[in-house]
Every structure is written in C-alpha cells, then in structure tokens.
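Below is one structure, written out as structure tokens, with a few remarks after it.
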Amino acid sequence: ANDLVAARLNGRLIDLARPVEEDGEISGLRRGDPESLEILRHSTAHIMAEAVLALFPRVKVTIGPAIETGFYYDFDYDKAFTPEDLPRIEEKMAEIIKSGRPFIRRDVTSQEAVDFFSSLAETYKVELIQDLGAETVSLYEQGGFTDLCRGPHLPSTRFVAAFKLLGVAGAYWRGDEKRPMLQRIYGTAWNSEEELKDYLWRVEEAKKRDHRKIGQELDLFSSNDEIGAGLILWHPKGAMMRKIIENFWSEEHITNGYDSVYTPHIGKAQLWETSGHLGFYKENM
C-alpha cells in the first residue's frame, strides 16, 4: 500500500482520496509506473510554488505542468530570480515535503474560484478560469497553498523522494510576446535519489557532448550574433563533413525510390504567423 500513489477508475486517473461515485473497474497506480512519474513531478511543481510564495510573498503564480524530464512553474515577480535563490527554494521545499501535508481536492463553481483567486490578487488564475468557461473547476490545496488544477496528485508531500531545481529562464505568458514576461523555474523529480543522481549524471555527460561545444572545439563551425542566432558558418573541415553526409543521404534516398523537391527559404509573414514561428522568433527572422 505504501507504493500506491493514485488510482485508475474506468481508465482515468484519480487521487487515492477521491470518492468513487460510479460503478466500474478500479486499479492502483504504483511508484515506478510510467504515469506515476508525471503525477510525482506535477505534485513537486505545486510544492515548489508553495515554497516560492513563502519566500517571495509578492510573487504571482501562473502555471506549473510536468514535462518529459521534470517540471516547471512560471512566476510573475518584479525582481529577477538568481541561481543563488534556488538552494533557498529547495530548502523550503524539503521542509514542506517532510511535513507530509496532504493534497486536498475541492470541486467548486467557477465563480467561487474566481472570487477566491481575486481575493489573493492572482490575476493569472482568474484569467485561466474565465477562459475555461466551465461551470465547475477543481482546486488542490497543500498546507497554505491552493492551485487551480485538474489533478490527480500524490496522497501527500511526503511521497516526493528526490528532486532538484535546475535553473531559471524567461517565458512569455501563454507564449505571446505582447503579454508579460514571466520567470520560469525548472526542476526535476524522481522516485529515488539513485534515479535522480543517474539523471543528473546523464545531463552532465550530454553537456560534454553538446554539438555546439564540440563543433567549435573541433573547428567545424561557428556562429555570429550579427548574422543571426542559430545560423551556422561552416569551416572547411565542417563543410567537408557536411558534404559527405549530404551525399550519403541523397544517394540512399535515390536508392530507396524517393523523389526530391525544393521549397523556398523565405515566405510571406502570414505563413510564419500560421506556423507560429513569427510569434516566438520574430526578432531573429
């Protein structure tokens, strides 16, 4: 039973404490199951948000999903987070985890949720609720922190075994350059310290093999901000390597019956608006 982190009812994931109000098939989700890692990371994101609010009371919280290698949470704050802030946040998170606070779900009307978050001046949450257009929404609370979330979550904060905050980056609210620039704190969480150490080791090994680092060390290519971010200048050795690879690629495609087509490298602005590139990369296009 100590390995159970959630349940599956008729194919959908629910909290272990969720009342069962329908007939059907139910099964447990255990540590180690692939989907349990997403629940672990999403719950850790909530813990991080609680810790950040405790340390930086003027912060406004936005969204904090699980991602493939961990989680992040976006914050609106009038000061820049620094790498020195991350150990402080981790320390506060450790306190919250040790306290074993349960994740408690509440289903409320959208208006009740709007009133609640408005009272906290959490304008981003209010916007999200209004855009959902649903009659009811679910809130999750652990300790003194409440978040808009559909869940599910771990039974309590104590189920978080190993985590690490990785860095800070900028992100526009909802990916729109006309909206506020937020601060995104990245982290990762795993089922054990051994899994966490293995992941961090793999990250460091990948950095050693980063093509951007190796390419310059081997005098294969370089880039120049005056030309454009990500636009590569191939040096003689790199150009020869590229030519060999391209020749092989072309011959293999012809051998396997493929035809070739060529398309322009430039296009009307509307094309790039449709693709989404203009909104994210306009300053470099």
How far is the Cα center of the range 192-224 from the Cα center of the range 40-55, in Å? 28 Å
Could you identify which residue out of Asn247, Asn224, Asn256 has the top mean-square fluctuation in a GNM of the chain using Cα springs shorter than 10 Å? Asn256
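Divide by every residue of the chain the summed helix terms, -39500 (n - 2.57) for each DSSP H run of at least 4, and state the resulting mean residue ellipticity at 222 nm, rounded to the nearest 500 deg cm²/dmol. Please list the in-between numbers first.
Details: 9 runs with 112 residues, N = 285.
It lands at -12500 deg cm²/dmol.
First compute the accessible area of the range 60-115 with a 1.4 Å probe, then give the percent of it belonging to carbon and sulfur atoms. Kindly include the intermediate steps, with their values, before the conclusion.
Details: 1560 of 3000 Å².
Roughly 52 percent of what the probe reaches on the range 60-115 is carbon or sulfur.
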Rounded to whole Å², per residue accessible area for the chain with a 1.4 Å probe reads 64 Å²
How much of Val203 can a 1.4 Å solvent probe reach, expressed as accessible area in Å² and rounded to 10? 50 Å²
Too long at a 22 Å Cα-Cα cut-off: which of Lys98/Lys164; Lys213/Lys237; Lys79/Lys178; Lys164/Lys207; Lys243/Lys268? Lys243/Lys268
Computed over the chain, the relative contact order (Cα-Cα under 8 Å, seq sep at least six) in percent reads 16 percent
Those chymotrypsin sites (Phe, Trp or Tyr not before Pro) from the range 104-150 that are DSSP loop and have at most 11 other Cβ neighbours within 10 Å turn out to be none
If you take every residue apart from Gly170 with its C-beta less than 10 Å away from the C-beta of Gly170, what net charge results, scoring Lys and Arg +1 and Asp and Glu -1? 0
Could you please state, rounded to a whole Å, how far the C-alpha centre of the range 79-101 is from the C-alpha centre of the range 110-182? 18 Å
Structure-derived log10 I(q)/I(0) by the Debye sum over Cα atoms at q = 0.11, 0.16 Å⁻¹ - corresponding label in (i) -0.61, -1.24; (ii) -0.85, -1.28; (iii) -0.95, -1.21: (ii)
Candidate residues Lys92, Lys79: accessible-area rank, largest first, probe 1.4 Å: Lys79, Lys92
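Which loop GluC sites (Glu not before Pro) in the range 18-55, with loop taken from DSSP, have no more than 12 other Cβ atoms within 10 angstrom of their Cβ?
On the way: sites: Glu21, Glu22, Glu25, Glu35, Glu38, Glu50; in loops: Glu21, Glu22, Glu25.
Filter output for the range 18-55: Glu21, Glu22, Glu25.
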Using a 1.4 Å probe on the protein heavy atoms only, what accessible surface does Thr136 show? Give it in Å² to the nearest 10. 90 Å²
I'd like the accessible area for Val126: 1.4 Å probe, protein heavy atoms, all chains in place, Å² to the nearest 10. 20 Å²
GluC sites (Glu not before Pro) within the range 214-285: which are DSSP loop residues with at most 13 other Cβ atoms inside 10 Å? Glu226
How big is the charge dipole of the chain about its Cα centre, in debye rounded to the nearest 20, if each Lys and Arg gets +1 on its Cβ and each Asp and Glu gets -1 on its Cβ? 540 debye
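The values are calculated or read from the model by the stated rules, or taken from the named source; none is laboratory data. Predicted model only: the values in this text are computed from it and were never measured. Here Cβ is always computed from backbone atoms with ideal geometry, including for glycine, and neighbour counts include all displayed protein chains. These accessible areas exclude ligands, DNA and RNA; they are computed on the full protein's heavy atoms, side chains included. Shrake-Rupley method; radii C 1.70, N 1.55, O 1.52, S 1.80 Å.
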